[in-house]
Structure formats: C-alpha cells, structure tokens
C-alpha cells in the first residue's frame, strides 16, 4: 500500500476507469452489440483512457531506468504476452498487421517494457474500430469479440497487478501530482 496519497488517487482513478470500460463492455455483450452509439462511446472512453496512460503515465515512466527491472509478476506477464501476443491474434483473425498509431513515436524510439501495454492499446482500439465499421467477415465476429474481451481483461490485470506497483515504487509525488492534474476524466 502506498504512503503517497496522490499515488493512491491515481491507482483508484485507473481502476475506476477500467471498471467503467468493463461495465460498458458487458452492456455491449448484453445488447449483442446492437447499440452502435454505445459502441462508439466505449471507443471514445477507451481512446481517452489510452491517451491518458500513454501521454502521461507511460511517458513519465519512460524516464526511469527502473522500468526495465520488472519483478516476478511482470516476468510472468511478459512470458504470457510473448506466447499470446495481441498483434498475433489480430493477424490470425484478419491476415494483416495492426496499423501503427502515429502518436507512439516517443515509444518507438525508446524500446522498453511499455511496448507490451502499447501493443495491447493498439490492438484494442483497432478491434473496436472493426466492430464499429463492421469491417470483418461475419463468421469471425465471435472470435473478434472474444479476442477483444480477453485482451482487455489481461491488459487491465497486468496494469493493476504489475505496472501500477512498479509506478508506485518509481514515481515521485511531484510526477504523480502532474499526472493527476493533467488526466482527462471520463464524462458520460
């Protein structure tokens, strides 16, 4: 448990946003994805959450060499990631690579363990785009939805059990305060 009250706020904010995304996802499953506006709202919130993490939290963590030290949970997640890569799941579904997002130049230049959640984000956003545009063969719909749900679940689990613990150990209170002050909050 953190002695840094700001970090506690950041952890709770991220976990709360994960909960909102999971709840919206469950509503989408319940309605069998018939509500396109709800799917677009899910994408909007996913992109906002992703941008907050990448532009604030990940960018700040990239400054710390401790990022590469990991730990037992991180090693397990790395092994799982390498055996079940989201981009490989996407390729197996669509026989094409995940499009590269332009906003990731900072991370492309600085190879780090952050490549794992960045890959998760890219695949999640691309899969949601496919659902919205209905840009997939209908016979793949079940597998697309299952892949999206699985990747999102594992992504949230990795962040909550590994990455946030690493952030807590590394980030100074002033960095956490800056992240909190610049975090764009969900409104829906």
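Bear in mind that the values in this text are calculations on the coordinates, not laboratory data. A quick note: this is a predicted structure, and the numbers were derived from the prediction, not measured. With ideal geometry, Cβ positions are generated from the backbone for all residues, glycine too; neighbour counts draw on all protein chains shown.
Below, the figures for the structure above:
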{"item": "Sequence-separation-based contact order of segment 5-182, relative, with Cα cut under 8 Å and 6+ spacing, percent", "result": "34 percent"}
{"item": "Estimated FRET transfer efficiency (residue 41, residue 172; beta-carbon r; R0 45 Å; 0.05)", "result": "0.80"}
{"item": "Sequence of 26, 178, 152 once ranked by neighbouring C-beta atoms within 10 Å, starting from the fewest", "result": "26, 178, 152"}
{"item": "Contour minus Cα-Cα distance for residue 139 and residue 26 (0.36 nm per residue)", "result": "38.5 nm"}
{"item": "Taking the C-alpha atoms of the chain, convex hull volume expressed per residue in Å³", "result": "118 Å³"}
{"item": "Relative contact order (percent, whole number), segment 93-188, Cα cutoff 8 Å, 6+ residue spacing", "result": "28 percent"}
{"item": "Efficiency of FRET between residue 180 and residue 66 - r from beta-carbon atoms, R0 25 angstrom, step 0.05", "result": "0.75"}
{"item": "Within the chain, helix-based [θ] at 222 nm, where runs of 4 or more DSSP H residues each add -39,500 (n - 2.57), nearest 500", "result": "-21000 deg cm²/dmol"}
{"item": "Relative packing of peptides 57-67, 120-130 - highest average C-beta neighbours within 10 Å first", "result": "120-130, 57-67"}
